[in-house]
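Have a look at the structure below, then the notes.
The values are calculated or read from the model by the stated rules, or taken from the named source; none is laboratory data. A quick note: this is a predicted structure, and the numbers were derived from the prediction, not measured. Using ideal geometry, Cβ is built from the backbone for each residue, glycine included, and neighbour counts are taken over all protein chains shown.
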Amino acid sequence: MSNSTTKPNTTFWIVSSIALFWNIMGVVVYLNQAYMTNEALLLLSENEQAYFANVPVWVTAAFAIAVFSGFLGALALVLKKKWAKPMFLLSFVTVVVQVVYNFFIQEFVALTGIRVILPLVTIVIALFLVWFANDAIKKRILK
């Protein structure tokens, strides 16, 4: 069995760079939510305040795991490492956990517009990144 790798093409680098940027944005959103000040919380609607005051620990943990494993997966892509796939898989599973809570369990904010679209787009992107990393492994780009 050969340990040689294939040289990544431009598409690989573009997707990897976008994935890294996307996941950095996710980390920033998580940190902003995790460290939201009382002053910032008071600027939100009553329903949004109730939502943030009542998010279960397991949902917050899923959010943290999703964004940090997604970031690590994207970093692994840029570094051409196989561990990108399990990181993206973990991110995908925990994104689904969050979406299940937000769509089917929480009762504080209405699901309209961006509150529906962004989670669905996030699921699609997370699933795509699992596929992309797997495909890069098959093509021997990741080692």
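Checked against (1) touching a Lys or Arg at 6+ places or on another chain (Cβ under 7 Å); (2) over 29 Å from P8 (Cβ atoms), L142 passes all but a single condition, namely (2). If you go through segment 56-79 and keep only what is surrounded by fewer than 18 Cβ atoms within 10 Å (Cβ to Cβ) and either among the hydroxyl-bearing types (S, T, Y) or more than 18 Å from the chain's Cα centre (by Cα) (or both), you end up with P56, T60, L79. Looking across F21, F12, one residue alone is surrounded by 10 or more Cβ atoms within 10 Å (Cβ to Cβ), in contact with a helix residue (DSSP H, G or I) (Cβ under 7 Å, 6 or more places away or on another chain) and at pLDDT 95 or above. It is F12.
Taken over segment 94-113, residues that are surrounded by 15 or more Cβ atoms within 10 Å (Cβ to Cβ) and β-branched (V, I, T) amount to 6.
When the test is whether a residue is modelled with pLDDT of 95 or more, closer than 30 Å to N134 by Cα and either acidic (D, E) or surrounded by 13 or more Cβ atoms within 10 Å (Cβ to Cβ) (or both), W83 passes it. In segment 66-82, the residues that are farther than 27 Å from V100 by Cβ form Cβ pairs under 9 Å with partners that are outside any helix (DSSP H, G or I) and of a type in the set (S, T, Y), at six or more places apart or across chains, as follows: K80/T5.
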